[in-house]
Amino acid sequence: MSCLITLREKGLKLTPQRRLILDVIHDYGGHLTAEQILEYVQARVPGVNKSTVYRTLELLTELGCVFKSELGDRFIYHHAEEGHHHHLVCRGCGKSIDCDEDLFSPVKKAVEEKYGFRVDFKHMVSNGLCSDCQRGS
């Protein structure tokens, strides 16, 4: 697990709480809100404090073990090892649609060519309106 190596390099330990939070994110497929992670963690170990979960999520995000992305009006967390992927989020109904990484390859190339800036599209969220909301359904 690369997160274990990252923790050790920073002089930190993989505490039971950190392990539990990483396990929850992995077991439930990621893309969980902090509230959902807290709920799953407390279902496994009832005494875990809410602030411990939130602090741990922030630490794991800072270390690059977990990605934190704004998805509409909330933040979601997922394992950094999941690779690159992107979401289209509807402003109308809140629906989230996963889309392929290669869809944004032309944008990445254009930015690099025009600005000389290497874009890191690990996890991108684009907001707009889904086809149902455009039709007024």
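The values are calculated or read from the model by the stated rules, or taken from the named source; none is laboratory data. Because the structure is a prediction, the values reported are computed rather than measured. Backbone-built Cβ (ideal geometry, glycine too); neighbour counts: all protein chains shown. Heavy atoms of the whole protein, side chains included, go into the accessibility calculation; ligands, DNA and RNA do not. Shrake-Rupley method; radii C 1.70, N 1.55, O 1.52, S 1.80 Å.
So how tilted is helix 34-44 from the main axis of the chain? Cα-based, degrees 0 to 90, rounded to 10.
Helix 34-44 sits roughly 40 degrees off the main axis of the chain.
Counting alpha carbon pairs within less than 8 Å and at least 6 residues apart, what relative contact order, in whole percent, applies to the chain?
Answer for the chain is 20 percent.
Lys114: which lysines have alpha carbons under 25 Å from its alpha carbon, excluding same-chain residues fewer than 8 sequence positions away?
Straight-distance partners of Lys114: Lys122.
Which log10 I(q)/I(0) values does the chain give at q = 0.10 Å⁻¹ under the Debye formula, counting every alpha carbon as one identical point scatterer?
Per q value, in the given order, log10 I(q)/I(0) is -0.42.
At a 4.7 angstrom Cβ threshold, list every cysteine in the chain that has nobody to pair with, or say none.
Here Cys93, Cys99, Cys133 come out as lacking a disulfide-compatible partner, given the Cβ-Cβ threshold of under 4.7 Å.
For a quick check of understanding: with a 1.4 angstrom probe and all protein chains in place, what accessible area in square angstrom does Phe75 have, to the nearest ten?
Counting only protein heavy atoms, Phe75 exposes about 100 Å² to solvent.
Lysines within cross-link reach of Lys50: Cα-Cα under 22 Å, excluding same-chain residues under 8 positions apart?
Lys13, Lys68
On a 0 to 90° scale, report how tilted helix 16-27 is relative to the longest principal axis of the chain, with both axes built from alpha carbons and the result rounded to the nearest 10.
The helix 16-27 is inclined about 40 degrees to the chain.
What ranking of Glu58, Glu35, Glu9 comes out by heavy-atom accessible area, probe 1.4 Å, highest first?
Glu9, Glu35, Glu58
Mind putting a number on the dipole of the chain about its Cα centre? Charges go on the C-beta only, +1 for Lys and Arg and -1 for Asp and Glu, and I need it in Debye to the nearest 20.
400 debye
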